[in-house]
1. Scan ASP223, ASP239, ASP260 and give me the residue that is modelled with pLDDT of 95 or more and either under 21 Å from ASN190 (Cβ atoms) or within 13 Å of the ligand (Cβ to nearest atom) (or both).
2. Is it the case that some residue within the stretch 75-91 is farther than 27 Å from LEU274 by Cβ, touching a helix residue (DSSP H, G or I) at 6+ places or on another chain (Cβ under 9 Å) and more than 16 Å from the ligand (Cβ to nearest atom)?
3. So which strands (runs of 3 or more DSSP E) are wholly in the stretch 1-104 and hold at least 1 residues that are touching a residue at least 12 places away in the same chain (Cβ under 8 Å) and over 22 Å from GLY300 (Cα atoms)?
4. Considering only residues of the stretch 190-225 that are among the charged types (D, E, K, R) and touching a Leu at 6+ places or on another chain (Cβ under 8 Å), which is surrounded by the most Cβ atoms within 10 Å (Cβ to Cβ)?
5. Considering only residues that are among the charged types (D, E, K, R) and touching a strand residue (DSSP E or B) at 6+ places or on another chain (Cβ under 9 Å), look in the stretch 25-53 and name the one that is farthest from the ligand (Cβ to nearest atom).
6. Could you tell me which numbered condition ALA371 fails, if it satisfies all but one of (1) without any contact (Cβ under 8 Å) to a residue 60 or more places away in the chain; (2) in contact with a strand residue (DSSP E or B) (Cβ under 6 Å, 6 or more places away or on another chain); (3) buried (at least 16 other Cβ atoms within 10 Å of the Cβ); (4) not charged (D, E, K, R)?
7. Among the candidates ARG100, ARG56, which residue alone is basic (Lys, Arg), out of contact with any Lys or Arg (no Cβ under 6 Å at 6 or more places or on another chain), modelled with pLDDT of 95 or more and away from the ligand (no atom under 16 Å from the Cβ)?
8. Taking the stated definitions as given, is ILE376 crowded, with 16+ Cβ neighbours inside 10 Å, in a strand (DSSP E or B) and either among the hydroxyl-bearing types (Ser, Thr, Tyr) or free of Cβ contacts under 8 Å to residues at least 60 places away in the same chain (or both)?
Amino acid sequence: MYNILTLNKIAKIGLDNLDSAKYTCGDAIEAPDAILVRSASMHEMTLAENTVAIARAGAGVNNIPVADFAEQGVVVFNTPGANANAVKELVICGLLLGSRRVAASYDWAKTLKGNGAEVGKMVEKGKSQFVGPEIKGKTLGVVGMGAIGALVADAANALGMSIVGFDPFLSDTAKAAFEAKGYKITADMNDIYADSDYITLHLPYNDSTKGTINAETIAKMKDGVRIINFARGELVDSDALVAAVEGGKVAAYVTDFPTDAQIGVDGITALPHLGASTPESEDNCAVMAAKEIADYIEKGVIKNSVNYPNAQLADCFTVRTCILHKEDATVAEKAEAAAKAAGATVTSTFTAAKKGMGYTVIDTDKEFDAAVEGAIRVRVIK
Ligand code: MLT
(Lines give C-alpha, C1' and ligand atoms only; values in the text may rest on other atoms or scores of the structure.)
Protein backbone atom coordinates (compact mmCIF):
# COMPACT_ATOMS: atom_id res chain seq x y z
CA MET A 1 0.00 0.00 0.00
CA TYR A 2 1.32 3.45 -0.92
CA ASN A 3 0.43 6.58 1.05
CA ILE A 4 -0.19 9.82 -0.81
CA LEU A 5 -0.33 13.12 1.06
CA THR A 6 -2.47 15.89 -0.42
CA LEU A 7 -1.23 19.35 0.62
CA ASN A 8 -4.14 21.10 -1.11
CA LYS A 9 -7.57 20.05 -2.21
CA ILE A 10 -7.02 17.84 -5.25
CA ALA A 11 -9.97 17.16 -7.57
CA LYS A 12 -11.66 13.85 -6.72
CA ILE A 13 -11.43 12.59 -10.28
CA GLY A 14 -7.64 12.67 -9.95
CA LEU A 15 -7.58 10.76 -6.66
CA ASP A 16 -10.08 8.28 -8.12
CA ASN A 17 -7.41 7.45 -10.70
CA LEU A 18 -5.26 6.02 -7.92
CA ASP A 19 -6.38 2.42 -7.37
CA SER A 20 -7.78 2.25 -3.82
CA ALA A 21 -6.39 -1.27 -3.47
CA LYS A 22 -2.90 0.19 -3.77
CA TYR A 23 -3.14 3.80 -2.58
CA THR A 24 -4.35 5.64 0.50
CA CYS A 25 -4.74 9.38 0.00
CA GLY A 26 -5.23 11.98 2.69
CA ASP A 27 -4.24 15.37 4.03
CA ALA A 28 -2.83 14.06 7.32
CA ILE A 29 -0.48 11.31 6.19
CA GLU A 30 2.79 11.45 8.12
CA ALA A 31 5.35 9.58 6.03
CA PRO A 32 3.95 9.70 2.51
CA ASP A 33 5.43 7.86 -0.45
CA ALA A 34 4.41 10.80 -2.63
CA ILE A 35 2.79 14.21 -2.32
CA LEU A 36 0.17 15.94 -4.44
CA VAL A 37 0.25 19.73 -4.18
CA ARG A 38 -1.26 22.76 -5.82
CA SER A 39 -0.04 26.07 -4.42
CA ALA A 40 0.98 25.21 -0.84
CA SER A 41 4.58 26.29 -0.23
CA MET A 42 6.94 23.37 0.36
CA HIS A 43 10.04 25.52 0.91
CA GLU A 44 10.07 25.00 4.67
CA MET A 45 9.04 21.36 4.53
CA THR A 46 11.26 18.44 5.54
CA LEU A 47 10.38 15.34 3.58
CA ALA A 48 10.10 11.86 5.04
CA GLU A 49 12.87 9.48 3.98
CA ASN A 50 10.40 7.36 1.99
CA THR A 51 8.95 10.25 -0.03
CA VAL A 52 10.01 9.62 -3.61
CA ALA A 53 7.85 11.96 -5.67
CA ILE A 54 5.97 15.27 -5.63
CA ALA A 55 3.41 16.13 -8.29
CA ARG A 56 2.22 19.70 -8.69
CA ALA A 57 -1.26 19.94 -10.14
CA GLY A 58 -0.35 23.02 -12.15
CA ALA A 59 2.46 24.38 -14.27
CA GLY A 60 4.50 26.71 -12.05
CA VAL A 61 6.77 25.05 -9.47
CA ASN A 62 8.04 28.08 -7.58
CA ASN A 63 6.32 26.78 -4.42
CA ILE A 64 8.63 23.73 -4.46
CA PRO A 65 12.40 23.63 -3.79
CA VAL A 66 12.93 21.63 -6.95
CA ALA A 67 16.76 21.51 -6.93
CA ASP A 68 16.99 20.58 -3.21
CA PHE A 69 14.49 17.80 -3.69
CA ALA A 70 16.48 16.50 -6.68
CA GLU A 71 19.54 16.27 -4.42
CA GLN A 72 17.42 14.19 -2.02
CA GLY A 73 16.36 11.83 -4.79
CA VAL A 74 12.82 13.16 -4.99
CA VAL A 75 11.33 13.51 -8.46
CA VAL A 76 9.16 16.62 -8.92
CA PHE A 77 6.49 16.59 -11.61
CA ASN A 78 4.20 19.31 -12.95
CA THR A 79 1.24 19.13 -15.33
CA PRO A 80 2.15 21.19 -18.39
CA GLY A 81 -0.78 22.02 -20.60
CA ALA A 82 -3.43 20.62 -18.25
CA ASN A 83 -4.68 24.08 -17.30
CA ALA A 84 -3.56 25.85 -20.47
CA ASN A 85 -7.04 26.43 -21.85
CA ALA A 86 -8.28 27.86 -18.54
CA VAL A 87 -5.37 30.30 -18.37
CA LYS A 88 -5.75 31.19 -22.06
CA GLU A 89 -9.40 32.14 -21.55
CA LEU A 90 -8.50 34.45 -18.66
CA VAL A 91 -5.68 36.01 -20.68
CA ILE A 92 -8.10 36.84 -23.49
CA CYS A 93 -10.36 38.35 -20.84
CA GLY A 94 -7.30 40.28 -19.57
CA LEU A 95 -6.58 41.68 -23.03
CA LEU A 96 -10.12 43.03 -23.17
CA LEU A 97 -10.09 44.28 -19.56
CA GLY A 98 -6.90 46.15 -20.36
CA SER A 99 -8.34 47.80 -23.47
CA ARG A 100 -11.59 49.60 -22.74
CA ARG A 101 -11.37 50.39 -19.01
CA VAL A 102 -13.90 47.73 -18.15
CA ALA A 103 -13.01 47.18 -14.47
CA ALA A 104 -12.94 50.90 -13.70
CA SER A 105 -16.23 51.44 -15.54
CA TYR A 106 -17.80 48.62 -13.55
CA ASP A 107 -16.68 50.19 -10.28
CA TRP A 108 -17.96 53.58 -11.43
CA ALA A 109 -21.34 52.20 -12.52
CA LYS A 110 -21.88 50.90 -8.99
CA THR A 111 -21.57 54.46 -7.65
CA LEU A 112 -24.66 55.43 -9.66
CA LYS A 113 -26.92 53.22 -7.56
CA GLY A 114 -29.87 55.18 -6.17
CA ASN A 115 -30.16 57.65 -9.06
CA GLY A 116 -33.38 56.09 -10.32
CA ALA A 117 -34.51 57.23 -13.77
CA GLU A 118 -31.35 59.38 -14.12
CA VAL A 119 -29.09 56.33 -14.42
CA GLY A 120 -29.60 55.99 -18.18
CA LYS A 121 -28.46 59.57 -18.80
CA MET A 122 -25.59 59.31 -16.30
CA VAL A 123 -24.07 56.20 -17.88
CA GLU A 124 -24.19 57.82 -21.32
CA LYS A 125 -22.61 61.01 -20.01
CA GLY A 126 -19.90 59.25 -18.03
CA LYS A 127 -18.87 56.59 -20.51
CA SER A 128 -16.19 58.63 -22.28
CA GLN A 129 -13.80 58.21 -19.32
CA PHE A 130 -13.60 54.52 -20.06
CA VAL A 131 -12.85 54.54 -23.79
CA GLY A 132 -10.07 52.24 -24.96
CA PRO A 133 -8.75 50.63 -28.14
CA GLU A 134 -9.77 47.44 -29.89
CA ILE A 135 -7.31 44.57 -29.87
CA LYS A 136 -7.90 43.80 -33.56
CA GLY A 137 -4.97 44.99 -35.65
CA LYS A 138 -2.65 45.39 -32.66
CA THR A 139 0.53 43.44 -31.95
CA LEU A 140 0.67 41.04 -29.02
CA GLY A 141 4.07 40.11 -27.63
CA VAL A 142 3.91 36.63 -26.10
CA VAL A 143 6.78 36.01 -23.72
CA GLY A 144 7.01 32.22 -23.42
CA MET A 145 5.51 30.12 -26.21
CA GLY A 146 4.87 26.95 -24.21
CA ALA A 147 1.48 25.28 -23.77
CA ILE A 148 -0.26 28.44 -22.51
CA GLY A 149 1.58 31.00 -24.64
CA ALA A 150 0.87 29.00 -27.81
CA LEU A 151 -2.88 28.84 -27.07
CA VAL A 152 -2.97 32.54 -26.21
CA ALA A 153 -1.17 33.39 -29.46
CA ASP A 154 -3.65 31.36 -31.52
CA ALA A 155 -6.71 32.82 -29.80
CA ALA A 156 -5.43 36.40 -30.01
CA ASN A 157 -4.47 35.88 -33.65
CA ALA A 158 -7.99 34.61 -34.34
CA LEU A 159 -9.24 37.90 -32.86
CA GLY A 160 -7.13 39.84 -35.35
CA MET A 161 -3.90 40.45 -33.45
CA SER A 162 -0.43 40.06 -34.95
CA ILE A 163 1.85 37.87 -32.85
CA VAL A 164 5.48 38.29 -31.92
CA GLY A 165 6.68 35.45 -29.71
CA PHE A 166 9.80 35.03 -27.58
CA ASP A 167 10.93 31.70 -26.22
CA PRO A 168 14.58 30.68 -25.92
CA PHE A 169 13.62 27.02 -25.47
CA LEU A 170 11.60 26.52 -28.68
CA SER A 171 12.58 23.60 -30.91
CA ASP A 172 13.23 24.38 -34.57
CA THR A 173 10.07 22.43 -35.45
CA ALA A 174 7.89 24.45 -33.07
CA LYS A 175 9.44 27.70 -34.30
CA ALA A 176 8.76 26.74 -37.91
CA ALA A 177 5.16 25.81 -37.06
CA PHE A 178 4.56 29.22 -35.45
CA GLU A 179 6.21 31.00 -38.36
CA ALA A 180 3.99 29.09 -40.76
CA LYS A 181 1.02 30.73 -39.01
CA GLY A 182 2.55 34.13 -39.70
CA TYR A 183 3.89 34.74 -36.19
CA LYS A 184 7.21 36.51 -35.79
CA ILE A 185 9.37 34.41 -33.47
CA THR A 186 12.34 36.21 -31.98
CA ALA A 187 15.23 35.27 -29.74
CA ASP A 188 15.59 38.89 -28.69
CA MET A 189 13.31 40.33 -26.01
CA ASN A 190 14.04 43.79 -27.41
CA ASP A 191 11.83 42.87 -30.38
CA ILE A 192 8.97 42.17 -27.97
CA TYR A 193 9.47 45.55 -26.32
CA ALA A 194 9.81 47.44 -29.62
CA ASP A 195 6.95 45.78 -31.52
CA SER A 196 4.20 45.11 -28.97
CA ASP A 197 1.08 47.10 -28.18
CA TYR A 198 0.20 44.40 -25.64
CA ILE A 199 2.63 42.08 -23.83
CA THR A 200 1.51 38.88 -22.11
CA LEU A 201 3.83 36.90 -19.82
CA HIS A 202 3.93 33.10 -19.92
CA LEU A 203 7.30 32.23 -18.49
CA PRO A 204 8.19 30.40 -15.29
CA TYR A 205 9.29 32.39 -12.27
CA ASN A 206 12.85 31.61 -11.18
CA ASP A 207 16.08 33.48 -10.33
CA SER A 208 16.75 34.33 -13.97
CA THR A 209 13.23 35.56 -14.80
CA LYS A 210 12.60 37.53 -11.59
CA GLY A 211 11.87 41.18 -12.43
CA THR A 212 11.85 40.61 -16.21
CA ILE A 213 9.58 43.63 -16.43
CA ASN A 214 11.46 46.45 -14.70
CA ALA A 215 12.20 50.17 -15.19
CA GLU A 216 14.83 49.45 -17.85
CA THR A 217 12.71 47.03 -19.89
CA ILE A 218 9.59 49.18 -19.55
CA ALA A 219 11.59 52.10 -20.98
CA LYS A 220 12.17 50.02 -24.14
CA MET A 221 8.43 49.43 -24.64
CA LYS A 222 6.04 51.48 -26.77
CA ASP A 223 4.33 54.37 -25.01
CA GLY A 224 0.89 53.22 -23.89
CA VAL A 225 1.81 49.54 -23.85
CA ARG A 226 -0.60 47.21 -22.05
CA ILE A 227 0.84 44.38 -19.97
CA ILE A 228 -0.99 41.19 -18.98
CA ASN A 229 0.54 39.02 -16.26
CA PHE A 230 -1.23 35.81 -15.35
CA ALA A 231 2.09 34.00 -14.86
CA ARG A 232 3.68 35.10 -11.55
CA GLY A 233 3.78 38.48 -9.75
CA GLU A 234 7.53 38.38 -9.17
CA LEU A 235 8.19 38.52 -12.92
CA VAL A 236 7.37 42.22 -12.63
CA ASP A 237 9.18 44.81 -10.51
CA SER A 238 6.11 46.16 -8.75
CA ASP A 239 7.49 49.63 -7.91
CA ALA A 240 8.68 50.21 -11.48
CA LEU A 241 5.35 49.01 -12.87
CA VAL A 242 3.26 51.24 -10.60
CA ALA A 243 5.45 54.24 -11.49
CA ALA A 244 5.08 53.46 -15.21
CA VAL A 245 1.30 53.16 -14.95
CA GLU A 246 1.00 56.34 -12.90
CA GLY A 247 3.30 58.15 -15.33
CA GLY A 248 1.28 56.97 -18.35
CA LYS A 249 4.05 54.96 -20.03
CA VAL A 250 2.07 51.77 -19.37
CA ALA A 251 -1.61 52.28 -20.20
CA ALA A 252 -2.85 49.18 -18.42
CA TYR A 253 -1.61 46.30 -16.30
CA VAL A 254 -3.88 43.32 -15.72
CA THR A 255 -2.77 40.62 -13.33
CA ASP A 256 -4.00 37.83 -11.12
CA PHE A 257 -0.90 38.23 -8.89
CA PRO A 258 -1.36 41.80 -7.59
CA THR A 259 0.85 43.39 -4.95
CA ASP A 260 -0.52 45.64 -2.25
CA ALA A 261 0.99 48.67 -4.01
CA GLN A 262 -0.82 47.84 -7.24
CA ILE A 263 -4.32 47.54 -5.81
CA GLY A 264 -6.41 50.66 -6.39
CA VAL A 265 -4.01 52.24 -8.91
CA ASP A 266 -5.94 53.68 -11.84
CA GLY A 267 -4.92 51.62 -14.87
CA ILE A 268 -4.19 48.44 -12.92
CA THR A 269 -6.75 45.66 -12.91
CA ALA A 270 -6.04 43.37 -9.96
CA LEU A 271 -7.70 39.97 -9.79
CA PRO A 272 -7.23 36.99 -7.48
CA HIS A 273 -5.12 34.11 -8.86
CA LEU A 274 -7.89 32.74 -11.05
CA GLY A 275 -5.92 31.48 -14.07
CA ALA A 276 -6.54 27.80 -13.46
CA SER A 277 -9.71 28.12 -11.39
CA THR A 278 -12.09 26.17 -13.56
CA PRO A 279 -13.47 22.73 -12.76
CA GLU A 280 -12.16 21.48 -16.10
CA SER A 281 -8.61 22.55 -15.39
CA GLU A 282 -8.64 21.34 -11.79
CA ASP A 283 -9.79 17.94 -13.04
CA ASN A 284 -7.22 17.81 -15.86
CA CYS A 285 -4.36 18.76 -13.54
CA ALA A 286 -5.39 16.27 -10.84
CA VAL A 287 -5.74 13.41 -13.32
CA MET A 288 -2.36 14.14 -14.91
CA ALA A 289 -0.60 14.55 -11.55
CA ALA A 290 -2.07 11.31 -10.15
CA LYS A 291 -1.02 9.39 -13.27
CA GLU A 292 2.52 10.76 -13.07
CA ILE A 293 2.80 9.60 -9.45
CA ALA A 294 1.36 6.13 -10.15
CA ASP A 295 3.54 5.59 -13.24
CA TYR A 296 6.64 6.56 -11.30
CA ILE A 297 5.85 4.55 -8.18
CA GLU A 298 4.71 1.41 -9.99
CA LYS A 299 6.87 1.43 -13.12
CA GLY A 300 9.68 3.94 -12.60
CA VAL A 301 8.38 5.92 -15.58
CA ILE A 302 9.16 9.66 -15.47
CA LYS A 303 7.03 12.03 -17.53
CA ASN A 304 6.91 15.80 -17.05
CA SER A 305 9.53 16.00 -14.35
CA VAL A 306 11.10 19.39 -13.72
CA ASN A 307 14.19 18.04 -11.95
CA TYR A 308 14.99 14.62 -13.49
CA PRO A 309 15.04 13.40 -17.10
CA ASN A 310 12.00 11.81 -18.65
CA ALA A 311 12.07 8.01 -18.85
CA GLN A 312 9.61 6.19 -21.04
CA LEU A 313 10.00 2.53 -20.05
CA ALA A 314 8.49 -0.81 -21.09
CA ASP A 315 5.44 -1.92 -19.12
CA CYS A 316 6.72 -5.47 -18.63
CA PHE A 317 9.63 -6.31 -16.37
CA THR A 318 10.57 -8.84 -13.71
CA VAL A 319 12.75 -6.72 -11.44
CA ARG A 320 13.25 -3.01 -12.16
CA THR A 321 16.01 -1.14 -10.33
CA CYS A 322 15.67 2.65 -10.49
CA ILE A 323 18.71 4.71 -9.57
CA LEU A 324 18.59 8.48 -9.13
CA HIS A 325 22.02 10.11 -9.28
CA LYS A 326 23.95 13.16 -10.38
CA GLU A 327 24.68 13.28 -14.11
CA ASP A 328 27.38 10.60 -14.47
CA ALA A 329 27.54 8.15 -17.36
CA THR A 330 29.51 5.64 -15.26
CA VAL A 331 26.59 4.96 -12.89
CA ALA A 332 24.85 2.80 -15.51
CA GLU A 333 28.06 0.86 -16.18
CA LYS A 334 28.64 0.32 -12.46
CA ALA A 335 25.05 -0.82 -11.92
CA GLU A 336 25.21 -3.27 -14.83
CA ALA A 337 28.50 -4.62 -13.46
CA ALA A 338 26.89 -5.02 -10.02
CA ALA A 339 23.97 -6.92 -11.57
CA LYS A 340 26.28 -9.26 -13.44
CA ALA A 341 28.46 -9.80 -10.37
CA ALA A 342 25.30 -10.86 -8.49
CA GLY A 343 24.43 -13.36 -11.25
CA ALA A 344 21.47 -11.32 -12.56
CA THR A 345 20.77 -11.10 -16.28
CA VAL A 346 20.28 -7.52 -17.51
CA THR A 347 17.35 -7.40 -19.93
CA SER A 348 17.40 -3.66 -20.52
CA THR A 349 19.21 -0.53 -19.41
CA PHE A 350 17.96 3.05 -19.60
CA THR A 351 20.02 6.05 -18.63
CA ALA A 352 19.51 9.78 -19.19
CA ALA A 353 20.44 13.11 -17.64
CA LYS A 354 18.89 16.54 -17.32
CA LYS A 355 19.98 19.70 -15.50
CA GLY A 356 22.90 17.85 -13.91
CA MET A 357 20.74 15.02 -12.52
CA GLY A 358 20.71 11.47 -13.89
CA TYR A 359 18.32 8.53 -13.90
CA THR A 360 19.33 4.95 -14.64
CA VAL A 361 16.92 2.04 -14.80
CA ILE A 362 18.13 -1.56 -15.07
CA ASP A 363 15.68 -4.41 -15.73
CA THR A 364 16.92 -7.82 -14.60
CA ASP A 365 15.64 -11.31 -13.92
CA LYS A 366 16.48 -11.08 -10.23
CA GLU A 367 17.25 -8.53 -7.55
CA PHE A 368 20.78 -7.24 -6.94
CA ASP A 369 22.41 -4.62 -4.74
CA ALA A 370 22.55 -1.47 -6.88
CA ALA A 371 23.83 0.93 -4.21
CA VAL A 372 26.71 1.88 -6.51
CA GLU A 373 28.95 4.90 -6.03
CA GLY A 374 27.07 8.05 -7.02
CA ALA A 375 23.57 6.70 -6.34
CA ILE A 376 21.36 9.17 -4.45
CA ARG A 377 18.39 6.82 -4.18
CA VAL A 378 17.86 3.25 -5.33
CA ARG A 379 14.35 1.86 -5.67
CA VAL A 380 13.52 -1.70 -6.63
CA ILE A 381 10.12 -2.43 -8.23
CA LYS A 382 8.97 -6.07 -8.56
C1 MLT B 1 -0.05 27.33 -12.79
O2 MLT B 1 1.08 27.55 -12.34
O3 MLT B 1 -0.37 26.24 -13.25
C4 MLT B 1 -1.09 28.39 -12.76
O5 MLT B 1 -0.60 29.58 -12.27
C6 MLT B 1 -2.28 27.97 -11.98
C7 MLT B 1 -1.95 27.48 -10.61
O8 MLT B 1 -0.99 27.91 -10.00
O9 MLT B 1 -2.66 26.63 -10.12
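1. On the way: ASP239 fails: either under 21 Å from ASN190 (Cβ atoms) or within 13 Å of the ligand (Cβ to nearest atom) (or both); ASP260 fails: either under 21 Å from ASN190 (Cβ atoms) or within 13 Å of the ligand (Cβ to nearest atom) (or both).
Unique residue meeting the criteria: ASP223.
2. yes
3. Counting at least 1 such residues, we get 23-26.
4. ASP197
5. GLU30
6. Evaluating ALA371 over (1) without any contact (Cβ under 8 Å) to a residue 60 or more places away in the chain; (2) in contact with a strand residue (DSSP E or B) (Cβ under 6 Å, 6 or more places away or on another chain); (3) buried (at least 16 other Cβ atoms within 10 Å of the Cβ); (4) not charged (D, E, K, R) leaves (3) as the failure.
7. Among ARG100, ARG56, only ARG100 is basic (Lys, Arg), out of contact with any Lys or Arg (no Cβ under 6 Å at 6 or more places or on another chain), modelled with pLDDT of 95 or more and away from the ligand (no atom under 16 Å from the Cβ).
8. No, not satisfied.
The values are calculated or read from the model by the stated rules, or taken from the named source; none is laboratory data. Not measured: the values here are computed from a predicted model. So basically every Cβ, Gly included, is an ideal-geometry build from the backbone, and we count neighbours across all protein chains shown.
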